[in-house]
Structure formats: C-alpha cells, structure tokens
Amino acid sequence: MYDDLCHHYRMQPTRNNTSIAHENGSIESPHGHLKNRIEQALLLRGSYEFSSIAEYQALINQAVDRLNAQHTEKIEAEKAYLQPLPQGRVADYEILTARVSCHSTIDVRCVLYTVPARLIGRQLELHLYHDRIVGYLHRQQVVELPRIRTSGTGKRRARCINYRHVAEGLRRKPRAFLYCTWQQDLLPNEQWQHLWQQMKTQFDLDTAAVLMVESLYIAAADDKESQVAEY
C-alpha cells in the first residue's frame with residue numbers, strides 16, 4: 001500500500017538505517033512537539049468539549065500554523081522542488097458491501113446504522129472514510145452517514161440511529177415503537193426524551209406511541225425537529 005502511494009505521487013521511498021535511533025527521532029520529535037502544542041491550546045481554552053468537529057479542527061489548524069510559521073524559509077525552499085499533483089486523487093477510503101435489512105439497517109464494523117427505508121433489500125457499495133460512510137447504488141450516491149466507532153471497556157457494538165430514515169415505516173405500525181430495542185436512539189435529543197416520558201404519564205402507551213411516532217414523522221417530513229418538539 002505504501003509503495004502504491006509513493007508510485008501515485010511519484011515519490012522515492014527510503015528506509016531508515018538499522019539501529020540509528022535519531023533517524024526515527026527526526027520525525028517523532030516534531031510530532032511530539034505538535035501534540036504538546038495542541039494539549040496546551042486545550043488547557044488554555046479551559047475545556048475539551050467542542051460543539052462540532054469543525055471547531056476542534058480549527059484549533060488543530062491554528063496549532064499547526066503557529067508551528068509552521070517558525071519554518072517559513074525551509075517550507076518555501078521545499079516548494080521549489082514539488083512536482084504537480086496527479087490529476088486523480090489516491091483513494092482514501094475502504095470499499096465494503098452491505099445489504100439493507102428489512103428493518104432499514106446495515107451492519108458495518110460492529111456498528112448498526114439506519115439508512116432510508118427505500119433502500120430495504122438493496123445491496124449497497126460503501127466507501128468507508130475516517131469520519132463518514134458514503135453508500136452507492138448503481139454508482140449513484142444514495143446515503144451518507146457519520147462513521148461511528150465502538151468505545152468503552154468491553155463494549156463491542158454500537159448504533160447510529162436516525163429517526164428520519166424509519167419515521168415513515170413506524171407511522172404505519174406505531175406500536176412497534178414501544179418494543180423497538182433502539183427506542184431511545186430514535187429520540188433525537190434530551191428534549192424529545194423528556195417529551196416521551198411526559199407522554200407515557202399522560203396517556204396510555206398505545207396513544208403515547210402514536211403521538212410520538214406522528215411527531216417524529218412530521219419533524220422528519222418538514223425538517224422541523226426543534227419546532228415540533230417545542231409545539
């Protein structure tokens with residue numbers, strides 16, 4: 001794989017000399033300095049919590065820019081020797097296939113994902129990126145999902161459930177919501193979870209299920225998740 005990468009970008013790979021530790025250190029040391037800079041930026045920020053991946057990426061970019069600013073002359077000297085990039089980009093994803101189950105789900109690397117119900121029974125080609133999964137049917141993109149990884153000691157499986165994918169199907173059989181093993185995953189956030197608790201105390205379970213499923217369907221169909229919850 002590394003040889004293919006070098007060939008694609010017309011680079012000449014070289015090897016470290018055996019037992020010459022500083023050759024590894026020339027790469028590992030700058031990497032360590034960058035990690036320290038990011039850690040210090042997080043400490044100065046006062047929180048490790050971010051509202052989005054893009055916000056976290058911006059912090060990393062700032063740390064990299066400050067580090068690169070110390071080596072402007074060397075970077076400019078290197079640019080003179082750079083070759084034009086190939087017209088085609090080397091693939092940075094892994095290809096898998098998965099058949100959509102009757103429950104509108106696919107299983108990828110021990111993670112259960114929902115996909116749009118119209119894809120039930122179809123065989124999808126999946127492109128696994130580091131942060132997302134893109135599904136294709138007959139070379140046409142039909143779905144894009146955030147990539148989830150299992151986390152936690154002893155936790156072998158995880159779920160990525162999107163109520164928008166299954167709301168229409170649930171509407172036809174709303175009582176299925178009561179017995180769904182990923183019922184809590186269908187509720188978009190804490191506000192919806194609180195609403196479900198309220199409904200169960202104010203109505204019988206069948207009525208509560210119908211109200212909740214209809215609310216989820218409207219939120220999905222009109223793309224008004226917060227407005228429906230507030231109403």
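The values are calculated or read from the model by the stated rules, or taken from the named source; none is laboratory data. If you're wondering where the values come from, they're calculated on a predicted model, not measured in any experiment. Glycine gets a Cβ as well: all are built from the backbone with ideal geometry, and neighbour counts include every protein chain shown. Protein only, heavy atoms only, side chains kept; ligands, DNA and RNA dropped before computing areas. Shrake-Rupley method; radii C 1.70, N 1.55, O 1.52, S 1.80 Å.
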State the extension gain, in nm to one decimal, for the chain segment bounded by HIS103 and LYS200, taking 0.36 nm per residue of separation less the distance between their alpha-carbons. 32.4 nm
The long-range amide H neighbours of TRP182, using H built 1.01 Å from N in the peptide plane and a cut-off of under 5 Å, are none
Check: the range 34-169 dipole with +1 on Lys, Arg Cβ and -1 on Asp, Glu Cβ, in debye: 560 debye
Angle between the chain longest axis and helix 53-68 axis [Cα atoms, degrees, rounded to 10]: 10 degrees
Within the chain, which is the longest segment containing none of the trypsin sites (Lys or Arg not before Pro) that sit in a DSSP loop and have at most 10 other Cβ atoms within 10 Å? 158-231
Pseudo-spin-label distance TRP182 to CYS6, built 7 Å along Cα→Cβ, given in nm, is 4.3 nm
Could you name the lysines in cross-link range of LYS200, using Cα to Cα under 29 Å and dropping any fewer than eight places away on the same chain? LYS173, LYS224
Name the residues whose placed amide hydrogens come within less than 5 Å of the amide hydrogen of ILE133, ignoring near sequence neighbours (fewer than 5 apart) on the same chain. LEU145, ARG147
If you roll a 1.4 angstrom probe over the protein chains with everything in place, what fraction of the accessible area of the chain belongs to carbon and sulfur, to the nearest %? 51 percent
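With +1 on each Lys and Arg Cβ and -1 on each Asp and Glu Cβ, how big is the dipole of the chain about its Cα centre, in debye rounded to the nearest 20?
Details: 28 positive and 27 negative charges, 140 e Å.
The dipole of the chain has a size of about 680 debye.
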If you line up the long axis of helix 205-222 against the longest principal axis of the chain, both from Cα atoms, how many degrees apart are they, to the nearest 10? 50 degrees
Which residue fluctuates most in the GNM of the chain (Cα springs below 10 Å): TYR179, TYR163, TYR217? TYR179
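Quick one: of the DSSP bridges fully inside the chain, what percent are antiparallel, nearest 5?
Numbers: 20 of 23 bridges.
Taking every DSSP beta bridge with both residues in the chain, the antiparallel ones total about 85 percent.
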Its Cα gyration tensor gives the range 100-204 an equivalent ellipsoid whose semi-axes in whole Å, largest first, are 27, 18, 11
If one takes the longest principal axis of the Cα atoms in the chain, at what angle in degrees, from 0 to 90 and to the nearest 10, does the Cα axis of helix 163-172 lie? 20 degrees
Could you point to the residue in TYR56, HIS130, LEU44 farthest towards the positive end of the range 1-131's charge dipole, with +1 and -1 charges on the Cβ of Lys/Arg and Asp/Glu respectively? HIS130
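Rounded to the nearest 500 deg cm²/dmol, what is the calculated helix-only ellipticity per residue at 222 nm for the chain, with -39500 (n - 2.57) per DSSP H run of length n ≥ 4?
Details: 10 runs with 111 residues, N = 231.
Mean residue ellipticity at 222 nm (helix-derived): -14500 deg cm²/dmol.
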What residue among GLU214, GLU125, GLU55 has the largest mean-square fluctuation in a Gaussian network model of the chain, using Cα springs under 10 Å? GLU55
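Relative to the present Cα-Cα distance, how much length would full extension add between ILE95 and SER29 at 0.36 nm per residue of separation? All intermediate terms of the calculation are to be shown ahead of the outcome.
Details: separation 66, 0.36 × 66 = 23.76 nm, distance 3.42 nm.
Taking ILE95 through SER29 to full extension adds about 20.3 nm, to one decimal.
If you roll a 1.4 Å probe over the heavy atoms of the protein chains, what accessible area per residue do you get for the chain, in Å²?
Working: 16900 Å² over 231 residues.
So the chain comes to 73 Å² accessible per residue, rounded to a whole number.
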Given ILE120, GLN83, HIS71, which one lies farthest toward the positive end of the charge dipole of the range 56-124, if we put +1 on the Cβ of every Lys and Arg and -1 on the Cβ of every Asp and Glu? ILE120
Considering the values (i) 20.7, 69; (ii) 20.4, 75; (iii) 24.4, 74, which represents Rg and Dmax of the Cα atoms in Å as calculated for the structure under consideration? (iii)
Residue separation times 0.36 nm, minus the C-alpha to C-alpha distance between ARG175 and SER151: what's the value? 5.5 nm
